[in-house]
Amino acid sequence: MGKTFNFGAGPAKIPEAVMEKAQKEFLNYNGTTGISVLEMSHRSSDFGNIVSSTKKLLRDEMQIPGNYEILLLHGGGTGQFAGIPLNLRAFSKNSESPTADYAVTGSWSNGAAKEAEKYLTVKKVFDAKAPFLGAPIGNTWKRDPDAAYLYYCSNETIHGVEFPHAPETLPDIPLVADVSSNVLSRNFDFTNHGVVFCGTQKNLGAAGLTIAIVREDLIGKHHPFTPAILSYDEMHKNNSLFNTPSTYSIYLTHLVLEWIRDIGGVKKLEELNAQKSQLLYETIDNSGNFFVNNVQKDFRSRMNIPFHVGSVEGKPELEAEFLKKATAAGMIGLKGHRSVGGIRASIYNSVTMEETQKLVDFMKFFQSSHSD
Ligand SMILES: *Cc1c(COP(=O)(O)O)cnc(C)c1O
């Protein structure tokens, strides 16, 4: 079998070097413990060191300011869709009927808004509606001065819509950012942010770990009904070890963070991701509408690049053939999300320029074999 090129959206490719290191010490962590991380008590000093080192590396690589706590949680990004309103609703200036602002730029922010409606009044400052083509971030949003926070998804994984920088917010109203699919892919400015969260299965390792980076002053005012494992306060007081954490996923994220540090950090990755995505978008844009990406140019994602084949809406038989031939050439994970169809290439930090080039070569070959 030839090499497999994984362009899946998540769980996604993990850097080879990380997988090899994990394999090397799978049976004997650190070469000295005689057991696997999988078999290790979460209260042991070895695991305690993994936790503290993971947080330190994340703080260094993401340049997280000192007044933010790093929480290692359960429940995925989806768990945070409930965790955020439960922990933050008390910060709304409307204490009788708390509100929060949501920018809906795709499926994930839409899902977050829907879940939040259980716990507070959601106001949509922007509602892109399907097919979610972009998001103005100028002064057109009608922001609620009573809102507990302003929520946005920095990269919509399904629709390929990414904020080039954080939206503006009113003074004293913190931003909440879902960075699940573009964390550490580019520089992130924490200014005005209250909570920044992600699942780790796209850019930071395996599924099972959720990271929330929470500004200190926002911890401790959660709703009394907040489940302990979603409570920032409870998890913070217990150093994220309130119950058994997803130990192996934390370990893998630790390895990914070491890898990021060793290859030159976010600065290097940002450069690489700009080059990779540019190569793909150029191929799409120069194809004479054989390949089509509909996202407004300023909001095109550098991580997830959805496109259609054959026309603006896509020709289903051509797209099916594209996927079939790509798979035969070892390129997998390219099927668009079931809600939007078409093709989607996810080119996370772990996907190399060579792999991106391989996809582009295949796209050009596919197009040339269909032009007559
Ligand atoms: C994948 C994803 C999620 C959901 O993550 P789960 O861990 O499956 O809950 C949320 N937000 C974004 C932007 C995602 O890409």
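The values are calculated or read from the model by the stated rules, or taken from the named source; none is laboratory data. None of these values were measured; they are calculated from a predicted model. In this analysis, Cβ positions are derived from the backbone assuming ideal geometry, glycine residues included, and neighbour counts consider all displayed protein chains. Calculation scope for accessible area: heavy atoms of the full protein, side chains included, ligands and nucleic acids excluded. Shrake-Rupley method; radii C 1.70, N 1.55, O 1.52, S 1.80 Å.
Computed values, structure above
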| quantity | calculated |
| --- | --- |
| Every pair of residues 6+ apart whose Cβ atoms lie under 7 Å, when the first sits in region 88-114 and is of a type in the set (Asp, Glu) while the second is open to solvent by 40 Å² or more (accessible area, probe 1.4 Å) and assigned to a loop (DSSP other than H, G, I, E, B) | ASP101/ARG143 |
| Scope region 287-320; condition over 20 Å from THR105 (Cα atoms) and either free of Cβ contacts under 8 Å to residues at least 12 places away in the same chain or polar (S, T, N, Q) (or both); matching residues | SER287, GLY288, ASN289, SER311, LYS315, GLU317, ALA320 |
| Residues located in region 25-35, provided they are surrounded by fewer than 13 Cβ atoms within 10 Å (Cβ to Cβ) and either among the charged types (D, E, K, R) or over 14 Å from TYR248 (Cβ atoms) (or both) | ASN28, ASN30, GLY31, THR32, GLY34 |
| Scope region 194-233; condition β-branched (Val, Ile, Thr) and open to solvent by 10 Å² or more (accessible area, probe 1.4 Å); matching residues | ILE219, THR226, ILE229 |
| Condition broken by LEU133, with the remaining ones in (1) away from the ligand (no atom under 16 Å from the Cβ); (2) open to solvent by less than 10 Å² (accessible area, probe 1.4 Å); (3) over 21 Å from ALA82 (Cβ atoms) satisfied | (2) |
| Leading residue by the ranking (farthest from the chain's Cα centre (by Cα)) among those in region 48-103 that are of a type in the set (Phe, Trp, Tyr) and more than 16 Å from the ligand (Cβ to nearest atom) | PHE91 |
| Search result, residues across region 169-226 that are in a loop (DSSP other than H, G, I, E, B), within 16 Å of the chain's Cα centre (by Cα) and among the hydroxyl-bearing types (Ser, Thr, Tyr) | SER180, SER181, SER185, THR200 |
| Test: residue in region 181-192 that is within 9 Å of the ligand (Cβ to nearest atom) and out of contact with any Cys (no Cβ under 7 Å at 6 or more places or on another chain) | yes |
| Residues of region 147-168 that turn out to be away from the ligand (no atom under 12 Å from the Cβ) and either open to solvent by 10 Å² or more (accessible area, probe 1.4 Å) or in a loop (DSSP other than H, G, I, E, B) (or both), as a count | 8 |
| Tally of residues being open to solvent by less than 50 Å² (accessible area, probe 1.4 Å) and basic (Lys, Arg) across region 36-77 | 1 |
| Hey, VAL214 closer than 24 Å to THR157 by Cβ, away from the ligand (no atom under 16 Å from the Cβ) and in contact with a His (Cβ under 8 Å, 6 or more places away or on another chain) or not | yes |
| Flag for LYS325 being basic (Lys, Arg), surrounded by 13 or more Cβ atoms within 10 Å (Cβ to Cβ) and part of a helix (DSSP H, G or I) | yes |
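Table: residues versus (1) outside any strand (DSSP E or B); (2) touching a strand residue (DSSP E or B) at 6+ places or on another chain (Cβ under 9 Å).
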residue: SER97; (1), (2): yes, yes
residue: TYR102; (1), (2): no, yes
residue: GLU115; (1), (2): yes, no
residue: PHE126; (1), (2): no, yes
residue: ILE137; (1), (2): yes, yes
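Table: residues versus (1) modelled with pLDDT under 95; (2) outside the structural domain of HIS165 (by TED's automatic domain parsing); (3) surrounded by fewer than 16 Cβ atoms within 10 Å (Cβ to Cβ).
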{"residue": "GLU258", "(1), (2), (3)": "no, no, no"}
{"residue": "LEU272", "(1), (2), (3)": "no, yes, no"}
{"residue": "SER277", "(1), (2), (3)": "no, yes, no"}
{"residue": "ASP285", "(1), (2), (3)": "no, yes, yes"}
{"residue": "GLY288", "(1), (2), (3)": "no, yes, yes"}
{"residue": "ARG300", "(1), (2), (3)": "no, yes, no"}
{"residue": "PRO306", "(1), (2), (3)": "no, yes, no"}
{"residue": "GLY330", "(1), (2), (3)": "no, yes, yes"}
